[in-house]
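Okay, here's the structure, questions in a sec.
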Amino acid sequence: MKFIVKNIISSIKGNKVPFLNTDKEVLALIFAKENKKSLFFDLNEYEKSNIENKILINSSPILNDRKANAHFYSICNNDGSIRWIFPTQSKQAHFLNFYNIGSLKSKVFASIIQMIYKLKLVKYISSNTFYLYTEKPTFLETLINRYQANDYAIFTGTVGPNRKVLLWLRSEQSDYFVKIPTSNRSCELVKNEVKQSNYIQSFNIPNLNTPKTYFDINNKIAVLKSVASKDSERQNKLTSLHLSVLNKIYESNNKIQSIQNSSFWKESMSNFNKIKHTAFASELKSNLQDLINSVDTKEIATFSTMHGDFTPWNMYVENDQICLYDWELSKSDMPLYLDIFHFVMQTNTLLTRKKYPEIKKEITDIFEKSELAFINSNIDWIDYFKGYLIHNTIYNLQLFEEQEHLHEQAYWLMDTWNEAIQDLKVTSSKKILKEEFTNNLFYFLSTKYYALLKFSERSLKKIPDNSDLDILIDKSDLKTIIKYIQSAPEVQKLNIHNLSFASYLEIFFKDKGFLRIDLIHQFKRKNFEMFDKSEILQNTILTQENIKVPQTKYDFEYCLLFYLLNKSGIPKKYIDFFSTLPEQEKIGIENYIFEKYNLKYDLNNLEQHNSEIENKLFSIIAKTNSNSGINKIKNNINYLFDTLKNTFLQKGLIVTFSGVDGAGKSTIIELAKKNIQKKYRKKLVVLRHRPSVLPILSSFK
C-alpha cells in the first residue's frame with residue numbers, strides 16, 4: 001500500500017520514476033523475448049541502429065509524426081523497480097489479479113484502487129507512463145493474439161534467481177496466466193509446475209481444483225487456465241476444508257521409508273553443504289546444523305507429495321473447493337505436513353506478524369483438534385516439523401545468499417525459523433543456557449549498532465565463566481535490548497541498575513548460571529566523558545564468529561582510559577592481546593594515541609598504574625567540547641544523580657552462619673565469600689560477632 005501512496009505523491013509533483021537496469025531486462029523479455037538487443041530506450045540509439053524489427057520505449061506519444069503502437073502505465077515498488085504494467089485503455093484494475101486480497105487491509109486497498117478506476121484517476125497512481133514503437137508485432141502482442149485476449153496486465157515478478165514474469169490475459173473463453181522464465185533456474189521451476197500439477201490431477205482428489213497447465217511457444221512458457229471466478233475468495237486462516245484436502249492428498253499418495261533413504265534427506269544434505277560459510281545468517285546456520293544433528297536418520301517416517309508453497313496467495317476458496325495453483329515448488333517424497341506448517345508459518349510471519357509462540361500454539365491446536373486419519377494428536381508432528389524447518393530453511397538460505405539486496409520480509413522469516421529451531425531444544429546437552437543466551441543475544445544485535453569491548457578472546461566459547469560483557473550500544477536501542485533479554489527463554493531473573501551513561505544488567509539463568517552485561521551508551525569516568533562513541537559504532541569489524549568489535553585502536557584507547565583513569569593498570573590478558581597484534585597494526589595504534597593525546601607509551605609498562613599518564617589524559621579530556629560549557633554542567637548533574645543512585649538504591653543481602661565453636665563456620669564463610677565474589681563480582685563484607693541484644697553492632701567491639 002505504501003508504494004501506491006508514494007506513486008500518487010510523485011504524480012502530483014510531476015515526477016516520473018526512471019527505468020532501472022533490472023526493469024530494462026524484464027521489459028526486453030516481455031516485448032522482444034530472445035532478441036533483447038532489438039529493444040531501445042534511447043531515441044538516438046534507436047535511430048542509429050540497423051537492427052531489423054527494432055522496438056523503442058519512449059515517454060513521447062508522437063515520434064517523428066508517428067503514433068505509438070501502445071501506451072502503458074506502470075506501478076513501482078518502494079525501491080523504484082517496476083511491479084505492475086498495464087495498458088492505459090484498461091477499464092478495470094486487472095493488475096489486482098496478482099495481489100493477495102485476503103486481509104481487511106488488502107480489501108480496503110483493492111476497493112480504493114477500483115474506485116480510482118471508476119473516477120478515471122488511474123494516472124495518479126502510476127509511477128510512469130511509456131509508449132511503445134515497433135515495426136512488427138512484439139512478443140507480448142504474439143501472446144495476446146494467440147489467446148485472443150481483449151485485456152491484460154503484467155507482473156514483473158519477485159526479484160531473485162527464481163524470477164518469472166507473469167502475464168494475465170482475458171479472452172471471451174477464459175482468463176489465463178502465462179509464466180515467462182527469466183533464467184535457467186526459473187525455467188526448471190516452470191517445467192516442474194507443468195509436471196506436478198498434471199501429476200496431482202491424475203489422483204482426482206475431491207474438493208481440489210488445480211488449473212489446466214501446459215507448455216506453449218516451443219515449451220518456453222507455461223500457461224495456466226485461471227481457476228478463479230466471481231465467487232472465489234482468499235482465506236488467511238487454515239480451515240477444515242484445507243486440512244481435508246491435504247489429508248486426501250496424503251491418503252492417495254504416501255510411502256513409508258527411513259529418513260536416510262529418502263530423496264528429501266539426500267537432497268537437503270546436498271544443498272546444506274552448498275550453503276556458504278559467511279557472516280550472513282550465521283546464527284541461523286549454526287542452529288540449523290544442530291537441528292540436522294538431532295535427527296535420527298534411521299527412523300521410519302511417512303512421505304508424500306507436497307505443494308511447496310501452500311499459502312493464501314496461491315489459492316482461492318470457492319464453496320467446498322480449494323482452487324490451488326503455482327505448483328512450481330511441488331515435490332514428491334517429502335515428509336508429511338510440510339504444507340500445513342508452511343501455511344501457518346508464512347501467513348503469520350508475513351501477513352499477521354505474529355510472534356513464534358502464537359504460531360506454535362496454532363500448529364499445536366491443528367493436530368490436537370483434528371480427527372482426520374493423517375492429521376491428529378496421535379501423530380508426533382514435532383519430528384515432521386523438524387523436516388519442514390530443515391527443508392525450508394536450507395532452500396531459502398541458498399536463495400537469499402544469491403541476492404544482493406533482501407526485502408525486509410526475508411529477515412522476518414529468518415527470525416521466525418531461527419526461533420522455531422531454538423524452541424525445539426536441539427542444541428547439545430553440554431551447552432549451558434549462558435552460551436545459548438549469548439549466541440542468541442548477538443544474533444539479535446546483528447542488525448543494530450554495537451561493539452563488544454575488550455573482547456580479547458575473539459570467541460564467545462573462550463570467555464571465562466566469571467567475565468562480564470561490556471557492550472557499547474546506541475542509547476536509542478537500550479530499551480529494545482533490555483526487553484529482549486527480559487523475554488529470553490533462558491533467563492529466570494534480571495536485575496537492572498540504570499545510570500546516566502550505562503545500564504548494568506545481572507542475568508540469572510534457569511540452570512543457575514549468571515552473567516553480568518554492561519550496556520554502555522556513553523564513555524564516562526565520574527563527571528568526565530572520556531571520548532565519543534559514534535565513530536566506534538560506525539566502524540566496527542567482524543570476528544570469525546560474526547561478533548562486532550571495535551577497531552583495535554579504539555579498543556586500546558578504551559582500555560587505556562578506562563583502567564588508568566580508574567587508577568589501575570591494564571590487565572595482563574589485554575596487554576598480551578595487544579602485544580600479539582601484527583607490527584604494522586601496533587604502529588598504527590601508537591600513532592593514533594600520539595596524535596590524539598600527544599602520548600608515547602611502552603605497552604609492557606602499562607600493566608602498572610602510571611600517575612603521569614593518568615594526569616596527562618585527564619588534562620586533555622577536560623578540554624574537549626564534551627567536558628566544557630553546558631556539557632560540563634550536564635556531566636556534573638548526571639554524576640551527582642549517579643552517585644545518589646549508587647548510595648541509596650543499591651541493595652545488598654545479609655547471609656548469616658551460626659554454629660557452635662569448631663563447627664567449621666569460618667571455613668564455609670571464606671569458601672562462600674570466594675565463590676560469590678568470583679561468580680557475581682560483588683563486594684562482600686564479613687562481620688563476625690557473638691550473639692547479643694544488638695548482634696550487628698556487637699561486631700564492631
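With the Cα gyration tensor of the range 557-663 giving a ≥ b ≥ c as the square roots of its eigenvalues, does the rule (a/c under 1.5 for rounded; else a/b larger than b/c for prolate; else oblate) give rounded, prolate or oblate? Can you show the working numbers first?
Working: a/c = 3.29, a/b = 1.38, b/c = 2.38.
It is oblate, given that a/c is not under 1.5 and a/b is not larger than b/c.
Report the one residue of 261, 335, 236 whose Cα lies farthest in the direction of the positive end of the charge dipole of the range 209-345 (charges on C-beta: Lys and Arg +1, Asp and Glu -1; origin at the Cα centre).
About the Cα centre, the residue reaching furthest to the positive side is 261.
Using modelled backbone amide H atoms (1.01 Å from N, in-plane), which distant-in-sequence or interchain residues come within less than 5 Å of residue 524's amide H?
530
Give the cross-link partners of residue 220 among the aspartates and glutamates, using a straight C-alpha distance below 12 Å as the criterion and excluding same-chain residues fewer than 8 apart.
The reachable aspartates and glutamates, counting only those whose Cα sits under 12 Å from residue 220, are 34, 188.
Further question: Take the alpha carbon atoms of the range 273-299, find their center, do the same for the range 549-624, and report the distance between the two centers in whole angstrom.
If you average the Cα positions of each part, the centres end up 41 Å apart.
Still on this structure, I have one more. Report, in degrees rounded to the nearest 10, the 0 to 90 angle that the Cα long axis of helix 665-680 makes with the longest principal axis of the chain.
On a 0 to 90 degree scale, this one is about 40.
Would you mind getting me the FRET efficiency between residue 669 and residue 583? Use the beta-carbon distance for r and R0 = 51 Å, nearest 0.05. Walk me through the intermediate numbers first.
On the way: r = 50 Å, r/R0 = 0.98.
Rounded to the nearest 0.05, the efficiency is 0.55.
For a 27 Å ceiling on Cα separation, which of these pairs sit above it: 276/454; 462/526; 369/434; 67/120? Write out the running numbers ahead of the final one.
Working: 276/454 29 Å; 462/526 32 Å; 369/434 37 Å; 67/120 23 Å.
Long pairs (Cα-Cα over 27 Å): 276/454; 462/526; 369/434.
Determine the shape class of the range 307-374: with a ≥ b ≥ c the square roots of the Cα gyration tensor eigenvalues, call it rounded for a/c under 1.5, and otherwise prolate if a/b is greater than b/c, oblate otherwise.
Values: a/c = 1.41, a/b = 1.23, b/c = 1.15.
In terms of gyration-tensor shape, rounded.
Separate question: For the range 305-313, just list the computed ³J(HN,Hα) in residue order, Karplus coefficients 6.51, -1.76 and 1.60, θ = phi - 60°, integers in Hz, with x standing in for Gly and Pro.
Along the range 305-313, the couplings run 7, 10, 6, x, 9, 6, 9, x, 7 Hz.
What does the charge count near residue 115 come to, summing +1 for each Lys or Arg and -1 for each Asp or Glu among other residues with Cβ under 14 Å from its Cβ? List each step's numbers first, then the result.
Numbers: positive: 91, 107, 118, 120; negative: none.
Here the charged neighbours net out to +4.
Follow-up. Run the 1.4 Å probe and let me know the accessible area of residue 26, rounded to the nearest 10 Å².
10 Å²
Enter the angle in degrees (range 0 to 90, nearest 10) between the Cα long axis of helix 184-201 and the first principal axis of the Cα atoms of the chain, meaning the one along which they spread out most.
Result, in degrees: 70.
Give me the net charge for the shell around residue 398: Cβ to Cβ below 11 angstrom, other residues only, Lys and Arg +1, Asp and Glu -1. Could the numbers behind the result be given before it?
Working: positive: 185, 274, 276; negative: 401, 402.
For residues surrounding residue 398, the net value is +1.
Output the 0 to 90 degree angle, nearest 10, between the alpha-carbon long axis of helix 433-445 and the longest principal axis computed from the alpha carbons of the chain.
Here the helix axis deviates by roughly 60 degrees.
Taking a ≥ b ≥ c as the square roots of the eigenvalues of the Cα gyration tensor of the chain, is the shape rounded (a/c under 1.5), prolate (a/b larger than b/c) or oblate?
Numbers: a/c = 2.65, a/b = 1.70, b/c = 1.56.
Verdict is prolate for the chain.
Something else: Sort 291, 406 by accessible area with a 1.4 Å probe, largest first.
Working: 291 0, 406 35 Å².
These residues rank, largest area first, as 406, 291.
Same structure again: Between residue 35 and residue 401, what FRET efficiency follows from the Cβ-Cβ distance if R0 is 45 Å, with the result rounded to 0.05?
With a Förster radius of 45 Å, E is 0.90.
Which entries in 36/123; 212/237; 274/354; 274/360; 33/54; 237/360 show an alpha-carbon gap greater than 21 Å? Intermediate results must be reported in sequence, preceding the final value.
Numbers: 36/123 28 Å; 212/237 26 Å; 274/354 31 Å; 274/360 30 Å; 33/54 12 Å; 237/360 15 Å.
Check vs 21 Å cut-off fails for 36/123; 212/237; 274/354; 274/360.
Could you list which residues have their amide H under 5 Å from that of residue 80, counting only those 5 or more apart in sequence or on another chain, with H placed in the peptide plane?
Under 5 Å from the amide H of residue 80: no residue qualifies.
How big is the charge dipole of the chain about its Cα centre, in debye rounded to the nearest 20, if each Lys and Arg gets +1 on its Cβ and each Asp and Glu gets -1 on its Cβ? If you can, show how the numbers build up before the last one.
Numbers: 94 positive and 76 negative charges, 436 e Å.
So the dipole magnitude of the chain works out to roughly 2100 debye.
Could you let me know the centre-to-centre spacing of the range 470-484 and the range 157-192, using Cα atoms, in angstrom?
Using only Cα atoms to place each centre, the spacing works out to 45 Å.
Between beta-carbons, use under 12 Å as the cut-off and find the net charge around residue 628, counting Lys and Arg +1, Asp and Glu -1.
Values: positive: 623, 632, 634; negative: 529.
It works out to a net charge of +2.
Right, next: Enter the Cα centre distance for the pair the range 59-117 and the range 202-263, rounded to the nearest angstrom.
Each part's Cα centre sits 30 Å from the other's.
Once amide H atoms are built 1.01 Å from N in the peptide plane, which residues 5 or more positions from residue 492, or in another chain, come under 5 Å H to H?
Counting only residues 5 or more places away or on other chains, the set is 508, 509, 510.
List the trypsin sites (Lys or Arg not before Pro) in the range 477-564 that DSSP assigns to loop (not H, G, I, E or B) and whose Cβ has at most 14 other Cβ atoms within 10 Å. Which are they?
Taking the range 477-564 and a limit of 14 other Cβ atoms within 10 Å, the loop trypsin sites (Lys or Arg not before Pro) found are 510, 512, 526.
How far, in nm, would the chain grow between residue 643 and residue 484 when pulled straight, counting 0.36 nm per residue and subtracting the alpha carbon separation? Numbers along the way, then the final one.
Working: separation 159, 0.36 × 159 = 57.24 nm, distance 2.81 nm.
Taking 0.36 nm per residue and subtracting the Cα distance, the gain is 54.4 nm.
Can you run phi through the Karplus equation (6.51, -1.76, 1.60; θ = phi - 60°) for the range 524-530 and list ³J(HN,Hα) in whole Hz, with x for Gly and Pro?
10, 10, 6, 9, 10, 8, 6
The values are calculated or read from the model by the stated rules, or taken from the named source; none is laboratory data. From a predicted model like this one, the values you see are computed outputs, not experimental measurements. So basically every Cβ, Gly included, is an ideal-geometry build from the backbone, and we count neighbours across all protein chains shown. The protein model used for the area step is the full one, side chains on, heavy atoms only, and it has no ligands, DNA or RNA in it. Shrake-Rupley method; radii C 1.70, N 1.55, O 1.52, S 1.80 Å.
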